[in-house]
Every structure is written in structure tokens, then in C-alpha cells.
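Scroll down for the structure; my scribbles are underneath it.
The values are calculated or read from the model by the stated rules, or taken from the named source; none is laboratory data. Only a predicted model underlies this, so the values are computations on that prediction, with no experimental measurement involved. Here the Cβ positions follow ideal geometry from the backbone for every residue, glycine too, while neighbour counts run over all protein chains shown. Please note that ligands, DNA and RNA were not included when accessible areas were found on the heavy atoms of the full protein model with its side chains. Shrake-Rupley method; radii C 1.70, N 1.55, O 1.52, S 1.80 Å.
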Amino acid sequence: MTNEAVDSIDPWDRMRSHTLARIGLRRAGDTLATPEVLALNASHALARDAVRTPLEVAAVHAALAELELGDPVHVTSAAGDRDRYLRRPDLGRIPSGPLELCSSGADLALVVCDGLSATAVTAHAAGLCAALVGAFAPDYSLAPPVIATQARVALGDHIGRTLGARAVLVVIGERPGLSVTDSLGIYLTYAPQPGRADSERNCISNIRPPHGLSYTDAAMVARDLIDQMFRAGRSGVSIKARASAAALPSRPPGISSDNEIS
């Protein structure tokens, strides 16, 4: 290998192939190189778009209707619009008015929220919810799904209580960063009711195949957590997920080894 070829090798290239994090950024003198500045600006724009883009409710409604759990219902938080939602997180945690939901007495309520990334919900909610249904049916009954906009996690407590569900699963778009803009999270709360503390929830994060957790693995972990919650009669910090989906004893019926329902 010539000296010129050795000099052209960037020692960070190998590490960059293993992460989306911004590491070993190239420099020009005392500042970042122009390509790095442009890439940073583009990533910032994508993150802003993920926060600001409104959820395509009709498309999510159609996808959830295919799960055959009943006709999905759309609710909104008290935030009203996106600007107020971003300035007043407290308003995103409560409904805009009385919830017109029929109590089902189901084991589980499934709530899909736009959160801080409608981009993530559009990309992954349909596949994830299908995997969740495959993981829980027929052992657990599920209420008709609910779509919530301008929503924070705690809005699911109001919805779960109104539906009379024993536990609520809130599928929500997570806060985007400069490397990831389409990550989903699941927040699981046993005996949902307004006033639940964050310590009384469990969270499964970074659901975004192929770069993050797959739908199947996320559904398996959710099933394991719910099994533990129903046995213990509580959720939160005392309920621990297994180290990984691979550590679970077996795949629930209806779940295949990839991101598709069998």
C-alpha cells in the first residue's frame, strides 16, 4: 500500500459503520468540514419535520381497522394545536373534553399517539400494532383501538380508565434526535387512571426496524411485561423486562421470526 493510500484512510470509517451517532466529524481547520455542516443541517431539518408534521389520521385509522378489533376512535388532547402542544406538555396529558368511548372491560387498551414524531407513527405503527395483536390474542382481550393526537403518554391513562381496561399500551412517536427521527416507544401501565406517575409505567423504546428493535421483538417484550404485570397486579419500576427478546422462553403464538405476523 502506498503512502498516499495510507494517508487517505479515515480511522473513523470502521466505527461509523456500526453506529448512526455523529462521531469523528471531519474538520477543516478550526471548524467542521462543509459536508459535515450540510449533513447536520439536513438532520436538524428532518427532526423539525418529524415534530411538526401532522399525523395522517385517516391512514392510521385504516391500518388499525384491519386488525379487526373494532372501529378505531380518534380523540384529541386539551392542547388543541401543535404550537400549544409543544409549549404546554401538561395539556397533552388530558383529553379535550369528555371521552366518548364505550367501556369494554377488555384486558388491554391499545392507544396510538402522535407524540413528538408523527413520522415514526406513519412509518411503524401499523406493523407494530399488528405484531402486538399477534402476541396477545387470544390470551388477552383487546378493546377497539384509539388514535390520539397532540397526545402525551399520560393521556392513555384517561383512555384506559374510560375503556375499563386492566392495562393500557400507548404506542407513541418518540422525541427525534439528529440521528433518529422515526423511533416508536410503547408505554405500558397497569390499572390506568389519571395521576399515575412515570415510575408506575414500563417502556419499550427505539422500535424502528431495521436499525432499531423489530416489531416482533418489541411485541414479545410487551407480552412478557404484561404477563408479569397481571401476575403482580402492578406495573412500573418493580417489573423488569428480560435482558433482550432473545432471552424470552419462547415466541408467543402467531409471531414469526421476522417483522411479519404468521
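For the reader, a short list of remarks on this structure follows.
- Its residue count N fixes a reference of 2.2 N^0.38 Å for segment 78-186, and the Cα radius of gyration divided by that reference is 1.06.
- Overall Cα dimensions of segment 52-125, principal axis frame, Å, largest first: 36, 29, 18
- Surface composition of the chain: carbon plus sulfur atoms contribute 53% of the solvent-accessible area (1.4 Å probe, protein chains only, all chains present).
- Remark: the chain carries a charge dipole of roughly 800 debye about the Cα centre, counting +1 on each Lys and Arg Cβ and -1 on each Asp and Glu Cβ.
- Unit charges at the beta carbon, dipole of segment 1-154: most positive-side option, L40, T76, T53: L40
- Take the Cα of H44, step 7 Å toward its Cβ, do the same at D227, and the gap between the two points is 4.7 nm.
- Mean Cβ neighbour count within 10 Å, used as a protection proxy, ranking 97-105, 154-162, 110-118 highest first: 110-118, 154-162, 97-105
- Accessible surface, the chain, averaged per residue in Å² (probe 1.4 Å): 50 Å²
- Contact order relative to length of the chain, as percent, for alpha carbon pairs under 8 angstrom and 6 or more apart: 18 percent
- With all protein chains modelled, accessible area of Y85 [1.4 Å, Å²]: 0 Å²
- The label-point distance for T19 and E36, in a model that sets each label 7 Å from Cα toward Cβ, rounds to 1.5 nm.
- Among the listed values (1) 17.4; (2) 23.2; (3) 14.4, the one matching mean projected area of the Cα convex hull in nm² as calculated from this structure is (1).
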